[in-house]
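All remarks here apply to the structure that follows.
The values are calculated or read from the model by the stated rules, or taken from the named source; none is laboratory data. Worth saying up front: this structure is predicted, and the values here are computed from it rather than measured. We place every Cβ from the backbone using ideal geometry, glycine too, and count neighbours over all the protein chains shown.
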There are 2 protein chains.
Amino acid sequence: MPDTEFVERLLSGDPRSIARAITLIENGGEGSAALMKAVYLKTGRAEVIGITGSPGAGKSSLVDKLALLYKNNGDRVGIICVDPSSPFSGGAILGDRIRMATLGLDKNVFIRSMATRGNLGGMARSTVDAVAILDAAGYNKIIVETVGVGQDEVEIVKTADVSVVVLVPGMGDDIQAIKAGIMEIGDVFVINKADREGVLRTQKELESLLALAHRPDMWNSPIVKTVATENKGIEDLQNAIGEYYAFQSGEAGGSNARRRSIARWRLLELLQERLLADLLDSDGTREKLDELAGEVAEKKTDPYTAIEQLIAKK
Amino acid sequence: MPDTEFVERLLSGDPRSIARAITLIENGGEGSAALMKAVYLKTGRAEVIGITGSPGAGKSSLVDKLALLYKNNGDRVGIICVDPSSPFSGGAILGDRIRMATLGLDKNVFIRSMATRGNLGGMARSTVDAVAILDAAGYNKIIVETVGVGQDEVEIVKTADVSVVVLVPGMGDDIQAIKAGIMEIGDVFVINKADREGVLRTQKELESLLALAHRPDMWNSPIVKTVATENKGIEDLQNAIGEYYAFQSGEAGGSNARRRSIARWRLLELLQERLLADLLDSDGTREKLDELAGEVAEKKTDPYTAIEQLIAKK
């Protein structure tokens, strides 16, 4: 069990305890499971906003401005910035400090970057756990910002209550590249840098793509134009997010089915992680794994036969 | 065991058997393990080139032009296009047909898109298996093109012999957004659409980032400028790829250590997938999972306690 005092400080919103808790869940293992058991039932009050889009779309500025607006409205805002392409937590921490300075260093804003830990994924799981920690600690608006646009990012953004997809004008190629997978998850679309040329064209293209998209919940995803660096359109974005949140929390939204499917996905992620950890923790398995990796590399055996040996050993 | 005749046709390079084999490994399970055991020891002759970069950078055109150049040199070229953000294999197949028409419908070029299967990852594993199938089937240049720029894509590109990162000019933001994680994996950098404004600035920025990067293998990643749509710079790219391949295959490259670490990563991926499948296949586990997902969604229990129940049940 984690230290009761630590959990209490965490639940009261103490930033240092929150930071420590997130590091704990990033590292995984026993400690993190015990911690999550202690805080999980305190979660469920926060509104979680996922923000994704192409690199260079200006997501960070947009998130900062939105967070500032929420903060000025009296909300407590948590920001989780997911950057799976960066193996460096050092860089992330520096970036966090710069952003903290912009947003104001007080108890009502918490910002944290999460970088890749090792090669085994788990990024989606640790992000969801970090959101739960901020939720339990009393942050009522939690923004999850992703840097990449791959499969993990889509999974992460899907677990939010409201998903925002950010585009920039003048990139016809880009909309196509963003593809149906990302288009489908957008509850709200933003065209940022809307003072640039080509806004109208991007908007038309987006509208025609959205007209083709089929949403089971009958929501028409709005398109909001912003210039984040000049603080333009941020209130419109806030309103669009609020409207979707109200819509999906209502009768029509079926948010219970959504919560259930998120819970199922999360259990599967956790199971994978735990089953592998249990296997590797058994005596001599890591050594055997290294030995078999060598044999596979030299083509003395194939990977499928190798894993059967590892599983049989257990 | 898979049908011996099928495996023989596959090894002789029959496109229909290859397509069937890739579908089999995408679906996973028993059949795919038996197939991979049958072909794995025939692999290891191909040169594998991974190509990644921002959406909209023109990767597909670049890959098509490079493939055509290889083909005209007498190589047999396989292309695997990884698009984790697209849940639709239908769209992928249509795209493949259009590209096949450009590249020429013959035995010396094989192209296949791979889309997301379900929510449980496995994309990296199935891509690596598809590369092994093409390798065993006698394709000597295999290009793996990724659409996204997330963690999975980085993992996939890392398993190639040569990793190419594609940028476009005039996107100062973008280089920053691409971050160290992607920068580090680039053995060769391409500035595509090099007839656009801002090439020089992008090149300078890239050069200064590369000057900071530390490569344990002492390779200086070259920067190649291309205009893929006009077939410009493609030979330079081919030469740069060839030089890195020769370098890393040589004494200095330590490619044995690299193969070993890829094998290790691959065993871990496969283990995760297999352990979860074994658990879910045991009687009543799926029903119990659905039931627990409901309880977690309603906050009657927490996810960590839930998975312990599932594991104990086994």
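Before moving on, here are some points about what is shown:
- Filtered residues of the stretch A:40-59 (kept if surrounded by 21 or more Cβ atoms within 10 Å (Cβ to Cβ), more than 8 Å from every other protein chain (Cβ to nearest Cβ) and in a helix (DSSP H, G or I)): A:Lys59
- Failed criterion for A:Gly250 (all others in (1) facing chain B (nearest Cβ under 10 Å); (2) within 22 Å of A:Val157 (Cβ to Cβ) hold): (1)
- Filtered residues of the stretch B:277-305 (kept if more than 8 Å from chain A (Cβ to nearest Cβ) and closer than 30 Å to B:Ser32 by Cα): B:Ala277, B:Leu280, B:Asp281, B:Ser282, B:Asp283, B:Gly284, B:Thr285, B:Arg286, B:Glu287, B:Lys288
- Residues within the stretch A:218-228 that are in contact (Cβ under 8 Å) with a residue 12 or more places away in the chain and surrounded by fewer than 14 Cβ atoms within 10 Å (Cβ to Cβ), tallied: 1
- A:Lys37 being surrounded by fewer than 21 Cβ atoms within 10 Å (Cβ to Cβ), of a type in the set (Lys, Arg) and assigned to a helix (DSSP H, G or I): yes
- Only one entry in B:Gly242, B:Gly254 is assigned by TED's automatic domain parsing to the domain that holds B:Leu167 and at pLDDT below 85, namely B:Gly254.
- Qualifying residue in the stretch A:125-145 (condition: at pLDDT below 85 and over 21 Å from A:Ala263 (Cα atoms)): no
- Checklist (1) within 14 Å of another protein chain (Cβ to nearest Cβ); (2) without any contact (Cβ under 8 Å) to a residue 40 or more places away in the chain; (3) over 21 Å from B:Leu62 (Cβ atoms); (4) acidic (Asp, Glu) applied to B:Glu205, failing item: (3)
- Condition met for B:Glu308 (surrounded by 13 or more Cβ atoms within 10 Å (Cβ to Cβ) and more than 7 Å from every other protein chain (Cβ to nearest Cβ)): yes
- Selected residue [surrounded by 15 or more Cβ atoms within 10 Å (Cβ to Cβ), at pLDDT 90 or above and assigned by TED's automatic domain parsing to the domain that holds B:Ser163] from B:Leu209, B:Leu237, B:Leu289, B:Leu279: B:Leu237
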